[in-house]
Amino acid sequence: MFRSYVLHYPMTPYAGVFVATVGVCVIAGAVLPNHRASLVWIGFALGAMLLVAFGQIFSTGLHPPSFLQVSFLALAIVLEIAGFRYLMPIMRPRGERATLTATLGIVGVHFLVMLPAFGPLIGGLGFGCTLNAAGLWRIPAYRPRFAWFVDGCLKLVFGTAMIATSPILLG
């Protein structure tokens, strides 16, 4: 299954490196909530460094992504930035729960936009992250710290599955 998957979505293995690394740092942010924001930024930086260090290795033998795939990746990032710039000034005054709900929701939706670039694995991640954000928004007993932990676990699991599509790991 993974062998044919990566032929359709060649950016998947090295994107998985980034996603899984961010997931580990998000989980750490659930354990150390006072350092949540710093840990996310560390996850971005570390994920980018690991992507650069191992991306070529994990994508050995794969064809380049299509223009459409790269375009949807770029569109997702632009929409994510726009979502944060628009929603965060509205949500921050409403408190931590609203801010975290918006954060998790924006990130989840941005993964859904990436579906043409990375396929069903990123779609599953986007659906899970968006559902997690919706739960935080609609269920008062659902704790923000736990929602943050779930988000990190989703990223770690789906990111690891994305790495597993690498031809070098499939033999």
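Derivation of every value follows stated rules applied to the coordinates shown; laboratory data play no part. In this text, all values refer to a predicted model and were calculated from it rather than measured experimentally. Every residue, glycine as well, gets a Cβ built from its backbone with ideal geometry; the counts of neighbours run over all protein chains shown.
Structure notes:
- Under the Karplus curve 6.51 cos²θ - 1.76 cosθ + 1.60, θ = phi - 60°, whole-Hz ³J(HN,Hα) for the stretch 72-77, x wherever Gly or Pro sits: 5, 4, 5, 4, 4, 5
- Kirkwood Rh and Cα Rg combined as Rg over Rh, evaluated for the stretch 75-137: 1.01
- Annotation: extensible slack from PHE67 through PHE54 equals 2.4 nm (criterion: 0.36 nm per residue apart, minus Cα-Cα distance).
- MET88-LEU32 FRET efficiency (beta carbon distance; Förster radius 30 Å; 0.05 resolution): 0.90
- The Cα trace of the chain gives Rg and Dmax of 15.9, 52 Å, the first to one decimal, the second as a whole number.
- Net lengthening on full extension, LEU79/ILE168 (0.36 nm per residue, minus Cα-Cα): 28.8 nm
- Summarising the label geometry, the points placed 7 Å from Cα in the beta-carbon direction at THR160 and PHE146 lie 2.2 nm from one another.
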